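Chemist: Dropping a structure here in structure tokens format, bear with me for questions.
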Ligand code: BTN
């Protein structure tokens, strides 16, 4: 997909604490909200707050990040005025093994919110990349930690390419922004509020019963992964196979060429060319 012509529309509307709070429809998520023009990483800032006892639902948003973190130690491209860089604090009551699927809740919420706000149809590449036209428009980084009382917490970091389109050369072929994909006037406060609203609903169900199924159903429907041959790189090494389904816990069920079926719970997949 080519960047828009030189007559491209104005950059996304400015972000502020006020502009986000005005759009919020949530009960708890984002009601305690910190906005910073610039931080190293919103995940890092929120981890600091979490360690000092911040409550579940606390959100940190920044206009730009100097050291935005991606998965697997990568950097997250975070240009000023052009993206959403948001972290949300969760204190799940379920055992850690059950919580690995929470990032999938976030993927479903982000994907759905983008669709609601822009009318663009997204895809979810397991475990939590959001794609438009096969290119990455958003990603999620879930990090766990413990606060000073020893209570565990989870920071969900969400990054979305909203405006711009000037990606560094190494991302040029793989990344896209909402505006490059055709969104006319991407509204960052509205999109943040929509993400938090969707996420709060899904998380409430999960906290109540441990059920991920509403998010799983959405991710199955929008999956860029299922039915494709994939190579999954995880803690246990590399596995290739056909992606069959998502499990109840949010894992990816694969069938190897030997016929053996197995479940990958975390890691990163590379999709083989379709066809
Ligand atoms: C990925 O690699 O796909 C995950 C990217 C996550 C980026 C977001 S931007 C807000 C939050 N703060 C960070 O430092 N990273 C996450």
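Chemist: Going residue by residue through region 123-137, is there one that turns out to be more than 14 Å from the ligand (Cβ to nearest atom) and more than 27 Å from residue 265 (Cβ to Cβ)?
Modeler: For region 123-137, residues more than 14 Å from the ligand (Cβ to nearest atom) and more than 27 Å from residue 265 (Cβ to Cβ): present.
Chemist: Of (1) within 22 Å of residue 41 (Cβ to Cβ); (2) touching a residue at least 40 places away in the same chain (Cβ under 8 Å); (3) within 13 Å of the ligand (Cβ to nearest atom); (4) crowded, with 23+ Cβ neighbours inside 10 Å, residue 143 satisfies all except one. Which?
Modeler: Every listed condition holds for residue 143 apart from (4).
Chemist: Across region 42-69, which residue is surrounded by the most Cβ atoms within 10 Å (Cβ to Cβ) among those that are within 15 Å of the chain's Cα centre (by Cα) and farther than 19 Å from residue 195 by Cα?
Modeler: Initial filter on region 42-69 (within 15 Å of the chain's Cα centre (by Cα)): 42-43, 59-61, 68-69.
Still in the running and farther than 19 Å from residue 195 by Cα: 68-69.
On the way: 68: 24, 69: 20.
So, considering only residues that are within 15 Å of the chain's Cα centre (by Cα) and farther than 19 Å from residue 195 by Cα, the one surrounded by the most Cβ atoms within 10 Å (Cβ to Cβ) is 68.
Chemist: Would a scan of region 164-185 turn up a residue that is in a strand (DSSP E or B) and either surrounded by fewer than 19 Cβ atoms within 10 Å (Cβ to Cβ) or out of contact with any helix residue (DSSP H, G or I) (no Cβ under 7 Å at 6 or more places or on another chain) (or both)?
Modeler: Initially, region 164-185 is screened for residues in a strand (DSSP E or B), giving 175.
Okay, now just the ones that are also either surrounded by fewer than 19 Cβ atoms within 10 Å (Cβ to Cβ) or out of contact with any helix residue (DSSP H, G or I) (no Cβ under 7 Å at 6 or more places or on another chain) (or both), so 175.
Checked against the condition, which is being in a strand (DSSP E or B) and either surrounded by fewer than 19 Cβ atoms within 10 Å (Cβ to Cβ) or out of contact with any helix residue (DSSP H, G or I) (no Cβ under 7 Å at 6 or more places or on another chain) (or both), region 164-185 yields at least one hit.
Chemist: Name, by its number, the condition in (1) farther than 16 Å from residue 20 by Cβ; (2) at pLDDT below 95 that does not hold for residue 203.
Modeler: Here residue 203 meets the rest and fails (2).
Chemist: Which condition breaks for residue 211 when tested against (1) surrounded by fewer than 16 Cβ atoms within 10 Å (Cβ to Cβ); (2) farther than 24 Å from residue 61 by Cβ; (3) modelled with pLDDT of 95 or more?
Modeler: So residue 211 meets the others, but not (3).
Chemist: Give me a count of the residues in region 58-105 that are without any contact (Cβ under 8 Å) to a residue 60 or more places away in the chain, touching a strand residue (DSSP E or B) at 6+ places or on another chain (Cβ under 8 Å) and more than 8 Å from the ligand (Cβ to nearest atom).
Modeler: Count: 9.
The values are calculated or read from the model by the stated rules, or taken from the named source; none is laboratory data. Computed from a prediction, not measured in an experiment: that's the story for all the values here. With ideal geometry, Cβ positions are generated from the backbone for all residues, glycine too; neighbour counts draw on all protein chains shown.
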